Amino acid sequence: MKRVLSVFLLFALLSAGVSAGEWKLVWSDEFDYEGLPDPKKWDYEEGFVRNNEMQYYTRARLQNARVENGVLVIEGLKEPFRNLRYKSGSKAWQEQPEFASYTAASLITLNKSSFQYGRIEVKAKLPQGKGVWPAIWMLGTNMSDVGWPRCGEIDIMEFVGKDPNRIHGTVHYAIDGRHGADGGKLKTDKSFSGFHVYAIEWFEDRIDFFFDQTQYHTFIVDKAGADNPFCKPQYLLVNLALGGSWGGDIDDEILPQKFLIDYVRVYELDKGKPKRIRN
């Protein structure tokens, strides 16, 4: 691989409270190739998916997801694109428009690889401007069986362009039949337009959230109750949303925008848990 664990990353691991020597790399994509994302590692969401977002997620389309110059590029575009789920007269918002006005991509590891515990880190450069909503996150592999939020969700990083100096790390779950959420946010004078490392360290008892070397939030797993989704495997998602319930109004003048990912790495502790779950 063209990259090695840098002194910077070693320092980050040490500052996180776990010796760098205790972590073992078990899954990664270094994006040291060209073309579409590796189909052995990534699948796609497709269409209008959630949160009344404006983008149509495309499948295996180079204009929206490609690897070039050592990075994964997820690009949000303003363009007409036929909605394959269009149904005349439908009341479902995903099926109403015959054409989308925006496109982007959402890459997922569902049915490829899933993980339970460990350090998950992504080095990325975030898009900028009103309406962008990039995210690095995880969902329970049992979502199709139990639904959301019972499946659990770990938002490693969310950013909305209308709030350009803040990132968010959040978990979602169900408790006593209700939606539970616990989150932290980091406000900084630094620009998120540069490359930074966004990470979690997920243990049996807690999930710690990091921005570069800074730990800015901890979630205590027991808060999610007895039927705890954070004791079960989850899969990874990396996507660029536009607009929607949190992204808000889109400034068309800032498009196109690119979400750049230098690498995605998953570690486990050398001894005992965490373990990689192989599908």
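Bear in mind that the values in this text are calculations on the coordinates, not laboratory data. These numbers come from a predicted model, not from an experiment. Quick reminder, even Gly has a Cβ in these numbers, built from the backbone with ideal geometry, and neighbours come from all protein chains shown.
Structure summary
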{"quantity": "In nm, spacing of pseudo-spin labels at Asp189 and Glu204 (7 Å Cα→C-beta vector)", "calculated": "4.4 nm"}
{"quantity": "Rounded Å value of the spacing that divides the Cα centres of the stretch 179-227 and the stretch 127-164", "calculated": "13 Å"}
{"quantity": "Simple label model, 7 Å out from Cα along Cβ direction - Glu253 to Arg178, nm", "calculated": "4.4 nm"}
{"quantity": "Computed FRET value (nearest 0.05) for Cys231 with Leu25, which takes r as the C-beta separation and R₀ as 30 Å", "calculated": "0.85"}
{"quantity": "Over 26 Å between alpha carbons, listed pairs Lys40/Lys258; Lys41/Lys232; Lys24/Lys162", "calculated": "Lys24/Lys162"}
{"quantity": "The stretch 29-71: chymotrypsin sites (Phe, Trp or Tyr not before Pro) in DSSP loop, at most 13 other beta carbons within 10 Å", "calculated": "Tyr33"}
{"quantity": "In the stretch 80-171, the chymotrypsin sites (Phe, Trp or Tyr not before Pro) that fall in loop regions by DSSP, at most 16 other Cβ within 10 Å", "calculated": "Tyr86, Trp93"}
